[in-house]
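What follows is a short report on a single structure.
The values are calculated or read from the model by the stated rules, or taken from the named source; none is laboratory data. Quick caveat: nothing in here was measured; it's all calculated off a predicted structure. Positions of Cβ are generated from backbone atoms using ideal geometry, with glycine treated the same way; all protein chains shown enter the neighbour counts. What goes into the accessible areas is simple: the full protein's heavy atoms, side chains included, and nothing from ligands, DNA or RNA. Shrake-Rupley method; radii C 1.70, N 1.55, O 1.52, S 1.80 Å.
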Amino acid sequence: MSEGPEAETSEPPPEVSRLVAAVTSIPGATSVEVEKTFLPDIAVADLSLPGFFAFLPIAALRRSNGALPEELLLSINFKIERSEAGLKALEFLSWWTRDQSRGGANMQIRSVGLPPQVGNTIQLGQTLSFTIDWFYADPSGDIGKLLSAVDEKAKEIEFSFTLYARCFEETA
């Protein structure tokens, strides 16, 4: 699980690898990664800065005037294929995230795009990605609890995909 703007390249814990594998196993989902950001370190005034800050859930953090104490943002970042499979993956993950939120998890899904043009380079149509924002707060700061929660989310995605796998089959 990489952390914020200066992520290490070490191997993630098995629970994180399982979550990445669970999302990657959905046909049409690509480029899956998980990032962790300690939100109390982010000042609301910094949310208008470029770079790393531009990828944060700006409206949610501004609306609440910042983070809860000890709150982590677990970002499940992914792209989709430019195909029917990609759209189905996005729809499935959108449903799954909404269902998780309805069940009490503080989650939302967002699209992320970069400026349409930088200098002479046109980026429009090339940078679209998505992120599932999971606002995780545990006052104890116990990494074991966090990894257990990550593993549970991986299991829930695996179960949901298994339950609805036939929905991904081609229709005539």
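Please work out if Glu15 is surrounded by fewer than 18 Cβ atoms within 10 Å (Cβ to Cβ), more than 15 Å from Asp133 (Cα to Cα) and either at pLDDT 95 or above or within 16 Å of the chain's Cα centre (by Cα) (or both).
Criteria not met by Glu15.
Restricting to region 59-103, what's the tally of residues that are without any contact (Cβ under 8 Å) to a residue 12 or more places away in the chain and not acidic (Asp, Glu)?
Number of matching residues: 9.
Write out, first by first residue and then by second, each pair whose Cβ atoms fall under 8 Å of each other, whose residues are 6+ apart or on separate chains, and whose first residue, in region 34-50, is without any contact (Cβ under 8 Å) to a residue 24 or more places away in the chain while the second is surrounded by 11 or more Cβ atoms within 10 Å (Cβ to Cβ) and not in a helix (DSSP H, G or I).
Once the first residue is without any contact (Cβ under 8 Å) to a residue 24 or more places away in the chain and sits in region 34-50, its partners that are surrounded by 11 or more Cβ atoms within 10 Å (Cβ to Cβ) and not in a helix (DSSP H, G or I) give Ala43/Gly66; Val44/Gly66; Leu47/Leu56.
Given the conditions (1) of a type in the set (Ser, Thr, Tyr); (2) within 23 Å of Ile26 (Cα to Cα); (3) without any contact (Cβ under 8 Å) to a residue 40 or more places away in the chain, which single one is not true for Thr121?
(2)
How about region 120-155: which of its residues are β-branched (Val, Ile, Thr), open to solvent by less than 60 Å² (accessible area, probe 1.4 Å) and modelled with pLDDT under 95?
Thr127 - this is the single residue of region 120-155 that is β-branched (Val, Ile, Thr), open to solvent by less than 60 Å² (accessible area, probe 1.4 Å) and modelled with pLDDT under 95.
From the list Ile80, Ile76, which residue is in contact with a strand residue (DSSP E or B) (Cβ under 7 Å, 6 or more places away or on another chain), over 30 Å from Pro40 (Cα atoms) and open to solvent by less than 50 Å² (accessible area, probe 1.4 Å)?
Details: Ile76 fails: over 30 Å from Pro40 (Cα atoms).
Just a single option satisfies the conditions, and that option is Ile80.
Can you tell me which residues in region 87-119 are in contact with a Gly (Cβ under 8 Å, 6 or more places away or on another chain) and buried (at least 18 other Cβ atoms within 10 Å of the Cβ)? Explain how you work it out, then say what you get.
We begin by selecting, within region 87-119, every residue in contact with a Gly (Cβ under 8 Å, 6 or more places away or on another chain); these are 87-90.
Scanning region 87-119 gives Lys88, Ala89, Leu90.
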